Each structure stands twice: as structure tokens, then as C-alpha cells.
1. Could you say whether any residue in the stretch 317-325 is closer than 21 Å to residue 132 by Cα, touching a residue at least 12 places away in the same chain (Cβ under 8 Å) and either buried (at least 18 other Cβ atoms within 10 Å of the Cβ) or in the same structural domain as residue 148 (by TED's automatic domain parsing) (or both)?
2. For the stretch 615-626, state whether one or more residues are closer than 30 Å to residue 516 by Cα, under 30 Å from the mean Cα position of the chain (by Cα) and modelled with pLDDT of 90 or more.
3. Go through (1) out of contact with any helix residue (DSSP H, G or I) (no Cβ under 8 Å at 6 or more places or on another chain); (2) surrounded by fewer than 24 Cβ atoms within 10 Å (Cβ to Cβ) one by one and return the number of the condition residue 110 breaks.
4. Of the residues 171, 175, which single one is in contact with a strand residue (DSSP E or B) (Cβ under 8 Å, 6 or more places away or on another chain), part of a helix (DSSP H, G or I) and farther than 30 Å from residue 297 by Cβ?
5. Suppose we keep only residues that are out of contact with any strand residue (DSSP E or B) (no Cβ under 9 Å at 6 or more places or on another chain) and within 19 Å of residue 520 (Cα to Cα) within the stretch 649-665. Which one would you say is surrounded by the fewest Cβ atoms within 10 Å (Cβ to Cβ)?
6. In the list 588, 536, 604, 641, which residue meets the criterion of being assigned by TED's automatic domain parsing to the domain that holds residue 477 and modelled with pLDDT under 90?
7. Within the stretch 122-145, can one find any residue that is over 25 Å from residue 329 (Cα atoms) and surrounded by fewer than 21 Cβ atoms within 10 Å (Cβ to Cβ)?
8. Does any residue in the stretch 152-174 that is not assigned by TED's automatic domain parsing to the domain that holds residue 112 and at pLDDT 95 or above come within less than 6 Å, Cβ to Cβ, of a residue that is crowded, with 21+ Cβ neighbours inside 10 Å and in a helix (DSSP H, G or I) six or more places away or on a different chain, and which pairs are these?
């Protein structure tokens, strides 16, 4: 699979060659051109053993779907954002796939699209299908996945009867072969249901290979599935009753209800809504006929029995799985108890995280609201080499991803109506972010409000108004889980990771400056964000001034900034000192701090000694946030000068003083803002429109 191009089918055993299909023999909506190429296998006298001596692949390209009146959207960064395919495309392509595999030949790999747009060092992604076996379960995600992965999907023909252990052997040979060719490239195994068991089995047998597992609703819980009674029932039921089984399965996946809900959420006129629902019902009926072709009686019975053995096989080997694993669990899976099973696997597997989709059904990857690439970005699950590089492996959000992120936090911006002020080089303060340099490297150094409430409007405004991504230097606990139940779920920080946050370390700091990024730093760290009563707007910066010397090394522009408003939206009821007087909270803080210490790598000094806790706060009627970005401080040309610790410390104190001046300026000026309170702002927006910018004090 190291060959260039995208193969439609590749045989996995040399004695049986894949079938050949003339491109003119059928004319599906998605035309497939095919050509035969040969690949020489990797020969080695050392393990791992090479695959079969001859591998034949048929390379081809699936024509992109044509969308009427669908304009191409340009991403931030220049790539094109293609419209997604739909459930209809999945069934149409599945029907074509069934026609092409009527020979019932062995399982085989195919590449679903031309991945020529992806980087040459993209990792390999092997998709392992569920009970359908078609291999098109990622149809809605192929286009985006193909831009960052070398995507291959496993197809199991309808008439094939390869046992589960045979499938494990098949995938294992591929994994070993590809690892031998590219030992420094990770291999992603994305499995749903039955495919998740297959991925776990392969990972258990190959703990020394660099594997990354993404498992959607694993069938390791099949013993508790409501499908269990179907196995003996199908053995005795008449043929005509079997036709109802695919219908039952489709209902259990939740896809029909999802389709109907999507139509209802459009809020169309009644006549148009009824028309769309009728059209969907007709489409659903045609889907059922395709499901019957995918899972005829004998095949369905074989697959259900296989899932039972697959579940037992995977469960008996969970202790041997060393690969990093991401579990995707649906809350409304009526086929498997996926929510409960996800929690069990998280506790059992060594390196496992979970993401929950409370409103999703069993066919998670076929739902419109689920985007696998977005999930991979938010969980920092993408890497091109043996170790994750938070700078070079980072992928900025697309415009649609950013809009979804902003939509979830829109209430924060509406409630606080942030005022953004920046300072030009001549010292003049202006409204907006016009004083911010467009070219990096730029280092923003500021005050961290209670619980970091300023982060959402800050990062959002920079992206929306200036097309600038702020790469925040964050605490390691945002990237690695602490003890269960102690702090918010790791998934709570997915948005920050997607928007560019990196763990605090000298290495990441260096790489961000080298890549000319806009870097966001809070020297006060957790101590500032979890301050005590009466410590609002007080800086808790460490003594060392290393960030100044690092900035000077790359000639970065330093922009000090202040933000006020936390005292207008909340009041600390019980702070660290209060909690430490209560035995229960004291023990909890000690446990959390011990866990956090394990995550600290390059952190030293006062920042490293901060105890992890969550203060108890009392909310207020929301006030307003005010940001002031001070006059840019240039370090370009001062590299030699700032090598001196004394000179660097002088600049460090200057930056700190500027931040304090920004805070003092905002605290004074907000007293003259007629729209500081929530009620005046609501009245203004009700009069001028809720998207209008609310005025503030005179500059």
C-alpha cells in the first residue's frame, strides 16, 4: 500500500487475484476508472514477516459528487472545503460495490478516492467495517480524511465466509507490511462495531507496532446486545420473515429518526416539510432493499455468529493492547450498550480516552452532525511521526468548524459584549484589533482572569476579525486526563486544543516562535486563574524571565495586555484557603495536585508548585469584559543585548508593568461606560439588532 495513487481493490492473498471490472460494463453515478498495476512485496529475512509474494492492486478514482449551486468554500490557509456526501451516497456506492463483488472473492482493500492532495508523509488509515462489511462506512468523511491520511478500507464480499481469526490475520499482515516499509509512520485502525473488535485483536497481537485506534461503538459488548435472540430465531424462521430483519436493524441504528429530525429542524413550511418527509420515506424504502442485498439471510446469520466470536476474542486480549485508543460512544445506540461499554473499555485499556455522543445512534459515522476529522483534531489524535508534534501536526479549524465552535460559545460573547482595544506603534489607543501585527512571531503576555473566562471571546475575536490563531501555552492537564471524576472531562478542553493550545514546555515555545506563530502566554498560570478572594487583577508572575530571552532569539514582538470584568460576573464564595479548612476538599486537592505533578515536564518554579483546585463561585448578573492590548514591544535586533539576564529581567519587569497599566486603565474607564450593565446592553441590542456592536466609553 505504499504505492502511489488510490487503488479501488487490492487482493490480500496471492492465489486469488481480484476481479477486474470494465469501466463501461456499468454506468453508476460514481464512475470508477480502473487499471491494473503490480506491486512487489517487501522481502526480508527478519521479522515482521512480509506479506504474500505478489500483490495486485487496481487503482482508480471515484469522481467527486457534483452539487448543484454548491460553491467551493476557501479554508483559512488555502485548501478547499468540499461539501460533504450524504447517507444517499453511502447506499448508492454500497449498491455498486455489491455488484462489483458478486464473485464472493476474498476480503480486499480499496482506496475510496484519489488522495493526491494529501501530504506525502501522511499516516496510513485502515478502516475496518461493521456488520455490513462493505467498507464504505466512512463515506461522509472520505473527502476530508483523504487530505490528511492515506485511506484504505476493508471490503468483505457478501458471500465471503472468512472467519474472524482469518480477518485478524489479514489485517495483521497489512499492518506488519506497512510498518516494515514505513516504520516511523503511525498506522490508524478505525473500526466500527465488529471492526472495532478486529482493531483490538490486531493491536493486542502487535504491541510493538505504532498503532492508533479509533473505535466507534465497539461490539465487545455483544453479549448484552438485543441482537442476541436473533441468532437462534433466524435459524428457524421462514425465508419471508427474514426480509423484516434489515428493516429492524435500520430502525435500531436510529438513522430513519435522524433523517426525520434533520428535516423538522429546518423549520420549513408545513407543505414542504411533508413533501421532504415523504421523499425520505421513499428513499428509506429503497435503502432497505439495499440492506437486504448487503445482508441476505445466510450472510446475516454468519455475521451475527462472527460478532459473538469477535467479542470474545477481543475481550480476552484487552490486557495486551498498548496502542493509544479513542472510543466513540453513542448515547442512543439500540444495537449495543455502547455508552456503558465505552466506560468499561476506558477503565480497562492502558491508554484510552472516550468521547460521548449522547444523541447519536449505532451508525455514528453515517450521521450528518458527526465529523471524524474534527474529532481527531479536537482530541490531538493526529500525528505524522512516532511522536506527536503539537506545532507541525496542528491543523487549523476550517471556517465551518470555527462557526460551530463559536456557536457553542455565542452566549458568552452576547452576555459579556467584549470591548476590544489595541494600541498603535505611536501609542494611540483605538477600538478593535487594528494595532495587532499580522505577521509573527508575536507574543501576547497578559493577565489570566478567574477560570480563564476571557479565553473564549479573546480567541474567537482574533480569528473572526483578524484571521489570527492564538496558540495558547496551556497546562498539561488539558491534554492528559487526571484521575476520573476529579476535574471536568478531558473532552471539555477539545475546543481549546482545536483552536491551537499546546502544553507548556520550552520545546513547544521554541517551535511556535520558529513557525512565526501568534503565541498567547499567561505567566501567572493557574495561580492567577484560581486566585483567592480579593486578589482580582493582581499578577502572580514567577521570578524568571525566560520568555523574554526566547522572544528575543526569534525577534518576536511582545504585546502586553490586560482584561477586566471577572468581578462583574462572579464572586468567589470559597477559595483555596477556605477549601483547605474542610477535610474533604483538602484531601481532594491533595489528590489532584499529586496527579498534576506527574504531568509536569518542563515547568519549574512557582508555576509548578500550584495546587490544583476548583474554587466555589457565586454568579452575578453578567457585566462586561474589557480588553486592552498595549503598545507593541519590539525585540528584533536585541538578541545579543537580551542574552544578559539583567537586561532580560529589565524588559520582563517592563512587560509586567505595562500589563498592570492596561488593567488600571480599563478599571478606570469602565466606570464611564453607560453600557457596562446587562440591561442597558439588552435595550440597545433590542433597538439596533442583536448583532450590532454595543458602544462603550469615549477614548
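The values are calculated or read from the model by the stated rules, or taken from the named source; none is laboratory data. Because the structure is a prediction, the values reported are computed rather than measured. Neighbour counts are summed over all protein chains in view; Cβ atoms, including those assigned to glycine, are modelled from backbone coordinates with ideal geometry.
1. No.
2. Filtering the stretch 615-626 down to residues closer than 30 Å to residue 516 by Cα leaves 625-626.
Narrowing the set further to residues that are under 30 Å from the mean Cα position of the chain (by Cα) leaves 625.
If we keep only those that are modelled with pLDDT of 90 or more as well, we get 625.
For the stretch 615-626, residues closer than 30 Å to residue 516 by Cα, under 30 Å from the mean Cα position of the chain (by Cα) and modelled with pLDDT of 90 or more: present.
3. (2)
4. On the way: 171 fails: farther than 30 Å from residue 297 by Cβ.
Selected residue: 175, the only one of 171, 175 that is in contact with a strand residue (DSSP E or B) (Cβ under 8 Å, 6 or more places away or on another chain), part of a helix (DSSP H, G or I) and farther than 30 Å from residue 297 by Cβ.
5. First pass over the stretch 649-665, keeping only residues out of contact with any strand residue (DSSP E or B) (no Cβ under 9 Å at 6 or more places or on another chain): 649-650, 652-653.
Still in the running and within 19 Å of residue 520 (Cα to Cα): 652-653.
On the way: 652: 24, 653: 13.
That would be 653.
6. Only one candidate qualifies: 641.
7. So the first thing to find is which residues in the stretch 122-145 are over 25 Å from residue 329 (Cα atoms), and the list is 122.
Then drop every residue that is not surrounded by fewer than 21 Cβ atoms within 10 Å (Cβ to Cβ), which leaves 122.
Yes; the residues of the stretch 122-145 include at least one that is over 25 Å from residue 329 (Cα atoms) and surrounded by fewer than 21 Cβ atoms within 10 Å (Cβ to Cβ).
8. Matching pairs, first to second residue: none at all.
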